[in-house]
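Undergrad: Structure in structure tokens, see below.
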Amino acid sequence: MPYKDLREFIDALDKSGDLQRIKQEVDWNLEAGAITRKGCEDVGPAILFENIKDYPEGYRVLGNPLASFRRLALALDMPPESKYDEIIDRYDEGRKNPIKPILVSDGPCKEEIHLGDDVDLYKFPALIIHGGDGGRYLCTWHVTITKDLDSDWVNWGMYRAMIHDKKTLGGLLDPHQHIGLIYAKYEEKGLPMPFAIAIAPEPISTLIGTGGIPYGTSEADVVGGVRGEPISLVKCETSDLLVPATSEIVIEGEVPPYERREEGPFGEYPGYQASPKSLNPVFHVKAITHRKNPILTASNMGTPIDDCDVAMNISWALDVRTDLIKAGLPITGIYIPPESCACAVVVATKTPYSGIANRIASCIWANKNGAWLPKVFVVQDDVDPTNMREVFHAFSTVHHPIRGTQILSPTPGHALMPHLSHHDRTYGIGANVVYDCTWPKDWSKEETPKKASFKDIYPKEIQERVLNNWRKYGFKE
Ligand SMILES: Cc1cc2nc3c(=O)[nH]c(=O)nc-3n(C[C@H](O)[C@H](O)[C@H](O)COP(=O)(O)O)c2cc1C
């Protein structure tokens with residue numbers, strides 16, 4: 001059964017041993033951030049802060065909600081030990097079978113309603129997450145909801161937002177992202193863009209918010225498909241936008257055209273605080289509604305493994321895998337190593353013809369999400385792409401530094417990509433590379449080195465005899 005709200009998900013994490021409760025008082029100013037950061041780097045459990053300095057009892061923060069594949073599997077109602085491919089298959093099934101949301105007239109997110117002068121964003125224990133961040137980031141694990149100006153399409157996406165003051169937030173509206181494309185239409189007509197930010201709905205809504213679902217597709221329908229049950233939506237107080245009814249906190253308002261205020265810096269998904277403070281659009285808040293004793297969710301972008309390395313990872317891997325299969329490429333596996341912070345992808349493939357690595361890379365870079373994977377490693381089907389020891393062995397030994405490296409430049413450059421200069425990030429000038437770790441097709445069988453591994457260099461009957469006798473030899477595993 002899918003979780004009806006974040007609280008049911010927290011109970012499940014508790015039961016499976018994937019939650020750490022902290023009852024001791026913790027400061028929202030850097031202390032909780034440092035704890036969640038270390039939790040990411042230790043690949044530890046989700047963290048529920050139950051006692052936050054300056055905030056009433058009952059106001060809690062859930063840190064690192066999906067920062068492990070165990071927690072992602074649990075969110076998808078799967079056994080926590082499920083494998084990467086199994087998680088992608090399950091996610092794929094849900095995405096292929098969208099279910100429309102249902103409209104309800106009320107919901108827990110309306111337990112308290114604050115309008116106009118009663119609006120105060122500091123009511124919630126927003127964290128200063130990293131040292132040097134530009135401010136308190138209230139929105140780091142949520143969905144921002146906006147409606148297209150000239151169609152019925154409503155977009156859900158996760159885009160960070162920092163508190164400027166009691167009634168305004170600031171954040172990135174990148175022109176490559178759907179929210180940026182939608183905002184540009186409002187701005188061109190001189191109109192304010194209504195928005196709603198749903199913080200801490202049930203876990204699939206936030207997962208899909210990071211997913212790069214295609215332009216024009218309703219993420220709410222996809223959420224229903226992945227849950228296997230429709231999501232219940234309720235109307236906002238100040239606009240016609242609809243939000244998940246069990247969200248812990250909902251923020252409503254408008255982003256006016258052309259207004260800009262300094263936002264950032266912030267620890268970003270590739271693992272650096274790379275971008276300086278910059279002028280970004282401003283979210284004017286007209287209403288806040290929330291559950292009693294609300295639970296704020298907080299992710300902590302940085303070095304691996306954080307929520308982005310797990311949630312965005314799985315969507316991008318599915319997108320790219322789907323396109324590669326559609327193109328008829330004989331791939332046998334795909335993996336975005338969480339250690340790459342979604343900057344590299346490994347594809348394993350059969351090699352029926354020469355140049356297949358370049359076709360694979362071209363197919364990946366043509367995808368909306370794959371476009372942001374500048375480093376593609378192509379390995380042969382005898383390599384498990386999820387096994388970094390095997391991948392690094394192939395890269396170090398099969399890959400030829402000149403013949404095996406193909407560079408494409410310029411490509412659209414990601415504004416947050418640390419290996420690009422400030423100039424290149426500002427103007428979006430990128431570069432991509434494919435590392436072909438497959439043997440050349442014009443080498444004969446005799447010329448091609450034979451891998452000296454257990455599974456490749458011994459006759460099958462010897463392998464079987466050794467495996468069957470392994471414990472008898474005295475080994476434990
Ligand atoms: C924790 C987290 C924070 C993110 N913050 C931003 C952000 O501030 N701006 C942005 O453009 N994308 C951000 N992303 C990536 C987007 O959520 C992702 O690209 C998503 O596909 C955007 O939705 P869209 O495809 O509908 O535009 C973030 C992802 C995560 C996991």
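The values are calculated or read from the model by the stated rules, or taken from the named source; none is laboratory data. All of these numbers come straight from a predicted model, not from anything done at the bench. When we count neighbours, we look across all protein chains shown, and the Cβ atoms used for this are built from the backbone with ideal geometry, even at glycine. For accessibility, only protein heavy atoms count, side chains too; no ligands or nucleic acids. Shrake-Rupley method; radii C 1.70, N 1.55, O 1.52, S 1.80 Å.
Undergrad: Work out how much length LYS38 to ASP11 would gain on full extension: take 0.36 nm times their residue separation and subtract the Cα-Cα distance, in nm to one decimal.
TA: Contour length minus Cα-Cα distance gives 7.4 nm.
Undergrad: Here's something else I'd like to know. Could you sort PHE395, PHE195 by their accessible area in this structure, using a 1.4 Å probe and putting the largest first?
TA: Output order, biggest surface exposure first: PHE395, PHE195.
Undergrad: If you don't mind, there's one more thing I want to ask. Check which residues have an amide H placed less than 5 Å from TYR435's amide H, if you skip close sequence neighbours.
TA: VAL376, PHE377, VAL378
Undergrad: Now a separate question. Using the Karplus curve 6.51 cos²θ - 1.76 cosθ + 1.60 with θ = phi - 60°, work out ³J(HN,Hα) for each residue of segment 370-376 in order, rounded to whole Hz, and write x for Gly and Pro.
TA: After applying 6.51 cos²θ - 1.76 cosθ + 1.60, I find x, 4, 9, 10, x, 10, 10 Hz.
Undergrad: Okay, next question. Of GLY271, ILE288, PRO256, which is farthest on the positive side of the dipole of segment 238-384, counting Cα position, with +1 on Lys and Arg Cβ, -1 on Asp and Glu Cβ, and the Cα centre as origin?
TA: PRO256
Undergrad: Over the residues of segment 74-217, compute the C-alpha Rg and express it relative to 2.2 N^0.38 Å.
TA: 1.19
Undergrad: Dipole magnitude of segment 342-477 about its Cα centre, charges +1 at Lys/Arg Cβ and -1 at Asp/Glu Cβ only, in debye to the nearest 20?
TA: It works out to roughly 280 debye.
Undergrad: Kindly give the semi-axes, whole Å and largest first, of the ellipsoid equivalent to segment 141-223, taking each as the square root of 5 times a Cα gyration tensor eigenvalue.
TA: Semi-axes (√(5λ), whole Å): 19, 18, 10.
Undergrad: To one decimal place, what orientation-averaged projected area in nm² is obtained for the convex hull of the Cα set of segment 17-60?
TA: Result: a mean projected hull area of 3.0 nm².
Undergrad: Take the alpha-carbon centre of segment 440-468, take the same for segment 139-205, and report the distance between them in whole Å.
TA: Value for the Cα centre distance between the two parts: 54 Å.
Undergrad: Here's a follow-up. Taking 0.36 nm per residue of separation and subtracting the Cα-Cα distance, what length does fully extending PHE475 through GLU81 add?
TA: 139.4 nm
Undergrad: From the P(r) of the chain, could you give the percentage of C-alpha pairs in the tail past 33 Å?
TA: Percent of Cα pairs beyond 33 Å in the chain: 40.
Undergrad: Taking N as the number of residues in segment 259-321, what is its alpha-carbon radius of gyration divided by 2.2 N^0.38 Å?
TA: 1.50
Undergrad: Would you kindly state how much longer the chain becomes between GLU259 and ARG389 on full extension, computed as 0.36 nm times their sequence separation minus their alpha carbon distance, in nm to one decimal?
TA: 41.8 nm
Undergrad: At a 1.4 Å probe, what is the % contribution of carbon and sulfur to the accessible area of the chain?
TA: Answer for the chain is 55 percent, counting heavy atoms of protein chains only.
Undergrad: What base-10 log of the normalised intensity I(q)/I(0) is obtained for segment 269-411 from the Debye formula, alpha carbons as equal point scatterers, at q = 0.13, 0.18, 0.21 Å⁻¹?
TA: For the requested q values the scattering log ratios are -0.67, -1.08, -1.37.
Undergrad: Could you pull out the pairs from LYS166/LYS292; LYS23/LYS292; LYS15/LYS476; LYS15/LYS100; LYS350/LYS450; LYS4/LYS368 whose alpha carbons sit more than 23 Å apart here?
TA: Exceeds cut-off: LYS15/LYS476; LYS15/LYS100; LYS4/LYS368.
Undergrad: Skip the ligands, DNA and RNA, and give the accessible area per residue of the chain with a 1.4 Å probe, whole Å².
TA: In whole numbers, the chain has 43 Å² accessible per residue.
Undergrad: Take segment 436-477, drop everything but the C-alpha atoms, weight them equally and run the Debye formula without solvent; then report log10 I(q)/I(0) at 0.19 Å⁻¹ to two decimals.
TA: -0.69
Undergrad: What is segment 1-157 by shape, rounded, prolate or oblate, if you read a ≥ b ≥ c off the alpha carbon gyration tensor as root eigenvalues and call it rounded for a/c under 1.5, prolate for a/b larger than b/c, and oblate otherwise?
TA: Because a/c hits 1.5 or more and a/b fails to exceed b/c, segment 1-157 counts as oblate.
Undergrad: Then there's this: Just report the Cα centroid separation between segment 385-439 and segment 56-90, whole Å.
TA: Here the answer is 30 Å between Cα centres.
Undergrad: Counting helices only, and only those DSSP H runs with n ≥ 4, report the 222 nm mean residue ellipticity of the chain as the sum of -39,500 (n - 2.57) divided by its residues, in deg cm²/dmol to the nearest 500.
TA: -8000 deg cm²/dmol
Undergrad: Counting Lys and Arg as +1 and Asp and Glu as -1, each charge on the Cβ, what is the dipole of segment 155-195 about the Cα centre in debye, to the nearest 20?
TA: Roughly 140 debye for segment 155-195.
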